[in-house]
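S.K.: Below is a structure I'd like to ask you about.
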Amino acid sequence: MEDEILIQDAYAKLLKIIRPKMDNDDRFNVQKAFELAKEAHKDQRRKSGEPYITHPISVATICAEEIELGPTAVIAALLHDVVEDTPVTLEDIRAKFGDKIAVIVDGLTKLDSDNTAKSPQAENFRKVLRTLLVDVRVVLIKIADRLHNMRTIGSMPGHKQQKIAAETKYIYIPLAHRLGIYSIKSELEDLWLKITDRETYNEISRKLNETKRDRTEYIKQFVRPLNRAIKGMEVPFEIIGRPKSIYSIHNKMLGKEVEFEEIYDLFAIRIIIDVPLSQEKSLCWQVYSIITDFYSPIPERLKDWVTTPKSNGYESLHTTVIGPYGRFVEIQIRSKRMDEIAERGFAAHWKYKGIKDNDDNVYEKWLETVRDTIESSDHNALEFLSDFKSHLFSEEVHVFTPKGDMKVLPLGATALDFAFSIHSEVGITCSTIKVNSKLVPFSYLLKNADQVAVTTSKNRKPNKDWLSFVVTGKARSRIRQALREEKKEQASFGKEALLRKLNALKIDLESNIDNLARHYNFENRLDFYYAISEDQINLLELKQIPIVDNKFDFTKKKATEVKSLDLPKAPKKDFDSTNSSSQIVIDGQDGDNFAYTLAPCCNPVLGDDIFAYVSAAGMKIHRNSCPNAENLLASMSNNIHKAEWGKSTSSLYYTDLVITGVDKGVGVIQAISSTISSNLGLNIRSFSIDGHDGFFEGRLRLVVNNNNQLHRAISELKKIDGIRNVVREA
């Protein structure tokens, strides 16, 4: 009975939100979708114990309330898990709700598990992102699904939380940014930080709560004169004071290497004016003028996205001023239309589509570039995902063609990226590039306002080096495609050589080729043929392989195979991981059963949160905070295993620290050495220091028993006079 009340209350809330957007047919279909989903999920529960149907209802509510999608999206959201998790088929959905709903639900349904795929996660991402071109609501519903999962992730085991958080950071947060859904992007960032670094999250949250009253009073004082002055404009407006998100504060603390108390622009004000489109730009600047009558602006912090909107449609005028008591205050000035698009992005954009004369639909422009990447993409899912991510950039650079047309590219894009942005063939046949009338290398990093001219030649062909200095997905995808075409041509010679050898042995090519490729550790035929053409394979060896029934017999396993990769699927019942004498426990089993090593990219130390990653090179133990963790957990989670520290405490660990501070000329090296060796009794493996412009940066490798010793070392080093910051190197 309690379950039924919970379900009906959640559904009633959804209906209340979506009711104004529905006609009679919509009401009928929403009710039908709810009843079908409720029946299909009736025997399922979430990890939290709630009836599973509460999840699709919540996802549909997020779609309706927070993204402001309509009845079609609500119906699809209610049904988004039925094909994947219940006996209901896609054909059932198509018969009951039509093709449009079926296409969206299909896009939201994971592919059947494929154990041969290098990354099932990447394959599923690719399926979702390909559907982006058919109906963007697939991605918006997927983001709503992820938001609800992140909000309710507390009931999941810790290692599962890490995987979900990594996926969120790797793909969903950038997607939310690209689609302009800033409120959801910001919440996902905060939730990600809460999962991956709860201590930092709680500390910033506590300090924000402690300073809330002071901030509220300060904002009241700050806006008082602005309120009076803006009223004189005789236009409807509102002023909203708000703190920055916990994630953005954390980012600023890391970027500027300062403590919470040293973040000056914790204060953020948004001024929203409700004016006709034709008056938006002039009145936003008029508000800016009023602000500068009262407070001194910081010129380098002025961002004009009203005149030149961001490539994801974001429009706003940003400035930072010096308020009372010398505190920095960030101010956003925008119209009501701009604010709706800023908060709800793609969904709100449709409400205003066609209103703006100079608006060629920024999302359709973006989708066009995505289409180029997707349609030219015949490579593996991991490459596809990497290429697609380049379309989700948050920082951008504006450059111009010789005719004055503006191109928006990700920050860090090169001159060669620009050539591909003009047209794929321009990039492929690019021979020289001039920037501001000067010849530059292809790897030249573009800057705002650069004017770029490209010269082409039909005889030009790309080479592998090009991949090392392009960042856009379109460029990478097209270069790979051209290289593959060249590789196919070369591989044809290898195929001919193999065919001659097999004919001599009187066996068939087609029935042996796949086994041969696997035997020589190649993922596909093309790579195998290419290796033969490059003389990397000695075809004379084929005579040594037994032939049975017209096929090579590979029953004897190669000595080079990594047996340690065959992890047992379930822990042994009689093994107690809490009493293990092993250094590492993997999937609940004694780590000594597996050939693992500690990953040198992050140097895990006893006490760190860790996971195990299995590759062809063996098993590596990584820290959850490893710089490679996000990519591995998000796109290769099929190869990720739960790992934790055992009871063994006899090992020593290397860990690297970066120390920065004021170069006082004498004493700092002695102070650091004395603190580590004499005060803490730790061994220094290596130490280097470099001073310049009054500051120094030192790199220190320590030998520790656990991360408690490491944290104490960091804390003690920070107390030394002149040291500005001490961080653990990734």
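The values are calculated or read from the model by the stated rules, or taken from the named source; none is laboratory data. The structure presented is a predicted model; accordingly, all values stated were derived computationally and were not measured. All Cβ positions, even for glycine, are placed from backbone atoms using ideal geometry, and neighbour counts span all protein chains on display.
S.K.: Which numbered condition trips up A76, out of (1) surrounded by 21 or more Cβ atoms within 10 Å (Cβ to Cβ); (2) touching a Phe, Trp or Tyr at 6+ places or on another chain (Cβ under 8 Å)?
M.R.: Failing condition for A76: (2).
S.K.: Please list, ordered by residue number, the strands (runs of 3 or more DSSP E) wholly in the range 523-630 having 2 or more residues that are at pLDDT 85 or above, of a type outside the set (S, T, Y) and at positive phi. Write out each step before concluding.
M.R.: On the way: elements: 584-586, 596-598, 610-615, 618-623.
Fully inside the range 523-630 and qualifying: nothing.
Per-residue answers, yes or no, for (1) crowded, with 16+ Cβ neighbours inside 10 Å; (2) within 29 Å of the chain's Cα centre (by Cα):
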residue: L14; (1), (2): yes, no
residue: P20; (1), (2): no, no
residue: F28; (1), (2): no, no
residue: Q31; (1), (2): no, no
residue: A37; (1), (2): yes, no
residue: Q44; (1), (2): no, no
residue: G49; (1), (2): no, no
residue: P56; (1), (2): yes, yes
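S.K.: Moving on. Step by step: first the residues of the range 644-670, then only those that are without any contact (Cβ under 8 Å) to a residue 60 or more places away in the chain and of a type in the set (A, V, I, L, M), then the one that is nearest to D590 (Cα to Cα). Which residue is that?
M.R.: Out of the qualifying residues, it is L652.
S.K.: Of all strands (runs of 3 or more DSSP E) completely enclosed by the range 405-451, which ones contain at least 1 residues that are touching a Leu at 6+ places or on another chain (Cβ under 9 Å) and surrounded by 20 or more Cβ atoms within 10 Å (Cβ to Cβ)?
M.R.: Numbers: elements: 406-410, 430-435, 438-440.
By residue number, 406-410, 430-435.
S.K.: V83 is checked against (1) within 19 Å of A144 (Cα to Cα); (2) without any contact (Cβ under 8 Å) to a residue 24 or more places away in the chain and fails just one. What number does that condition carry?
M.R.: (2)
S.K.: Select from the range 174-195 the residues that are under 16 Å from L140 (Cβ atoms) and either among the acidic types (D, E) or at pLDDT below 90 (or both) and list them in ascending order.
M.R.: Taking the range 174-195 and keeping what is under 16 Å from L140 (Cβ atoms), we get 174-185, 187-188.
P174, L175, A176, H177, R178, L179, G180, I181, Y182, S183, E187, listed by residue number.
S.K.: Is there any pair with a first residue in the range 304-328 that is in the same structural domain as R344 (by TED's automatic domain parsing) and surrounded by fewer than 17 Cβ atoms within 10 Å (Cβ to Cβ) and a second that is in a loop (DSSP other than H, G, I, E, B) and β-branched (V, I, T) whose Cβ atoms are under 8 Å apart and which are 6 or more apart or on different chains, and what are they?
M.R.: Sorted first by the residue in the range 304-328, then by its partner, the pairs are I322/I298; F328/I298.
S.K.: Report, by residue number, each residue of the range 45-96 that is of a type in the set (D, E, K, R), in contact with a Ser or Thr (Cβ under 9 Å, 6 or more places away or on another chain) and within 17 Å of F346 (Cβ to Cβ).
M.R.: Step one: list which residues in the range 45-96 are of a type in the set (D, E, K, R), which gives 45-47, 50, 65-66, 68, 81, 84-85, 91-92, 94, 96.
Within this subset, residues satisfying the condition of being in contact with a Ser or Thr (Cβ under 9 Å, 6 or more places away or on another chain) are 46-47, 50, 66, 81, 84.
E66 - this is the single residue of the range 45-96 that is of a type in the set (D, E, K, R), in contact with a Ser or Thr (Cβ under 9 Å, 6 or more places away or on another chain) and within 17 Å of F346 (Cβ to Cβ).
S.K.: Step by step: first the residues of the range 105-134, then only those that are basic (K, R) and part of a loop (DSSP other than H, G, I, E, B), then the one that is modelled with the highest pLDDT. Which residue is that?
M.R.: Initially, the range 105-134 is screened for residues basic (K, R), giving 110, 118, 126-127, 130.
Among the residues that remain, those that are also part of a loop (DSSP other than H, G, I, E, B) are: 110, 118.
Values: K110: 75, K118: 62.
Looking at residues that are basic (K, R) and part of a loop (DSSP other than H, G, I, E, B), I get K110.
S.K.: Sticking with this structure for a sec: Quick one: which residue in L147, L132 is of a type in the set (A, V, I, L, M, F, W, C), in the same structural domain as G107 (by TED's automatic domain parsing) and closer than 26 Å to P627 by Cα?
M.R.: Details: L132 fails: closer than 26 Å to P627 by Cα.
None of the others qualify; the one that does is L147.
S.K.: Continuing with the same structure: Take S477 and tell me if it is surrounded by fewer than 19 Cβ atoms within 10 Å (Cβ to Cβ) and among the polar types (S, T, N, Q). First the steps, then the outcome.
M.R.: Numbers: surrounded by fewer than 19 Cβ atoms within 10 Å (Cβ to Cβ): no; among the polar types (S, T, N, Q): yes.
Judged against the criteria, S477 is not a match.
S.K.: Among the listed residues I659, I672, I684, identify the single one that is farther than 21 Å from P157 by Cβ, assigned to a helix (DSSP H, G or I), touching a helix residue (DSSP H, G or I) at 6+ places or on another chain (Cβ under 9 Å) and not assigned by TED's automatic domain parsing to the domain that holds Q121.
M.R.: Details: I659 fails: assigned to a helix (DSSP H, G or I); I684 fails: assigned to a helix (DSSP H, G or I).
Only one candidate passes the filter, namely I672.
S.K.: How about the range 317-355: which of its residues are at positive phi and either touching a strand residue (DSSP E or B) at 6+ places or on another chain (Cβ under 8 Å) or at pLDDT below 85 (or both)?
M.R.: As a first pass, look at the range 317-355 and keep what is at positive phi: 325-326, 345, 354.
G345, G354, listed by residue number.
S.K.: I've got another one for you. Scan the helices (runs of 4 or more DSSP H) fully inside the range 136-196 and keep the ones with 2 or more residues being closer than 22 Å to V105 by Cβ and of a type in the set (K, R). Can you show your working first?
M.R.: On the way: elements: 137-151, 158-167, 173-178, 182-196.
So the answer is 137-151.
S.K.: Does L467 satisfy being surrounded by 13 or more Cβ atoms within 10 Å (Cβ to Cβ), without any contact (Cβ under 8 Å) to a residue 40 or more places away in the chain and assigned to a helix (DSSP H, G or I)? It would help to see each step written out before you state the result.
M.R.: Working: surrounded by 13 or more Cβ atoms within 10 Å (Cβ to Cβ): yes; without any contact (Cβ under 8 Å) to a residue 40 or more places away in the chain: yes; assigned to a helix (DSSP H, G or I): yes.
Yes.
S.K.: Assigned by TED's automatic domain parsing to the domain that holds D81, over 21 Å from E259 (Cα atoms), crowded, with 18+ Cβ neighbours inside 10 Å and more than 14 Å from the chain's Cα centre (by Cα): is that true of I181 in this structure? Steps first, please.
M.R.: On the way: assigned by TED's automatic domain parsing to the domain that holds D81: yes; over 21 Å from E259 (Cα atoms): yes; crowded, with 18+ Cβ neighbours inside 10 Å: yes; more than 14 Å from the chain's Cα centre (by Cα): yes.
Criteria met by I181.
S.K.: Here is a follow-up. Does at least one position in the range 687-707 carry a residue that is part of a strand (DSSP E or B), exposed (fewer than 14 other Cβ atoms within 10 Å of the Cβ) and of a type in the set (S, T, Y)?
M.R.: So far as the range 687-707 goes, yes, one or more of its residues are part of a strand (DSSP E or B), exposed (fewer than 14 other Cβ atoms within 10 Å of the Cβ) and of a type in the set (S, T, Y).
S.K.: For the range 491-521, give me each residue that is buried (at least 17 other Cβ atoms within 10 Å of the Cβ) and closer than 24 Å to S615 by Cα.
M.R.: Let us first name the residues in the range 491-521 that are buried (at least 17 other Cβ atoms within 10 Å of the Cβ), namely 491, 494-495, 498, 502, 512-513, 516-517.
Hits for the range 491-521 are L516, A517.
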